[in-house]
Each structure stands twice: as structure tokens, then as C-alpha cells.
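Reviewing the structure listed below.
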Amino acid sequence: QVQLAESGGGLVQGGGSLKLSCTASGRIFSINTMGWYRQAPGKQRELVATIVSGFITNYADSVKGRFTISRDNAKNTVYLQMNSLKPEDTAVYYCNADLKTAAWLKSTTYWGQGTQVTVSS
């Protein structure tokens, strides 16, 4: 069984910063991609940022230059540093991980339960 646990969400004023963390635990053989997605009320879940093997990153255009994704492979943890936050960043943020639980198995994507980020104007 694999679990992803997020932390770090909360309420912040516009222009402020938050740092989200997500740790994968359980039976893990290897992790390929880890990432962050978000879903605002009434909208579809969208990509925020992904990181592959610790250094290849990809960002949504809306967060480029403001958000930074990083990863600690030894801790199976992914971070999202969010700066210059805007009210439109308000959403539930979900982390995910594409991982193998054994060498002979295919990768499977797992999701965290989500953490609320609210940015006031």
C-alpha cells in the first residue's frame, strides 16, 4: 500500500508565500515523476508543476517564475515553493507520484488527499 501525504496549505494574503510538501510512503521500489496539480471550485484539475528524477521540471505557464518544484529522493518527498501568490491561485492542491512498488511491475500513479490553499486579495 502506498500513501501520499500533503502538508503546508493554508490562508495567505496576495503577494505572500507558502511551501507545500508531499511525502510518499509504503511499499515503494522507485519513483519516476512527482508533481502538483490543483483544482479550483467549478474547474477541472490542472497541472501546476512536475519533476522527473529530481531535476527535469515542467511548469504551467500561469505559475512560471513564481512557483518552484523540488524533490528529495532520499525522503520520497516533493515540495512546491509558491511565491507572489495571487487570488487566482486559490484551489485544492494535490500531489501525485508515478511509481513502482516492485521492479517487475508497471508504474502506477498515486494521488494525495489534497491540501487547501486560499489567497486573499
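The values are calculated or read from the model by the stated rules, or taken from the named source; none is laboratory data. Treat the numbers as computed from the prediction; the structure is a model and nothing was measured. Glycine gets a Cβ as well: all are built from the backbone with ideal geometry, and neighbour counts include every protein chain shown. To get the accessible areas, we keep the full protein, side chains included, count just its heavy atoms, and leave off ligands, DNA and RNA. Shrake-Rupley method; radii C 1.70, N 1.55, O 1.52, S 1.80 Å.
Structure values in brief
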quantity: Accessible surface, per residue, of the chain when the full set of protein chains is kept, probe 1.4 Å, Å²; calculated: 53
quantity: Filtered trypsin sites (Lys or Arg not before Pro), region 33-101: DSSP coil and at most 13 other beta carbons within 10 Å; calculated: K43, K64
quantity: Reachable aspartates and glutamates from K19, criterion Cα separation under 15 angstrom, eight or more residues apart if same chain; calculated: E6, D72, D89
quantity: ³J(HN,Hα), Karplus 6.51/-1.76/1.60, whole Hz, each residue of region 58-73, x for Gly, Pro; calculated: 9, 10, 5, 4, 5, 10, 4, x, 10, 10, 10, 9, 8, 8, 10, 5
quantity: Label-to-label distance, nm, for residues given as N58 and Q44 (7 Å Cα→Cβ offset); calculated: 1.5
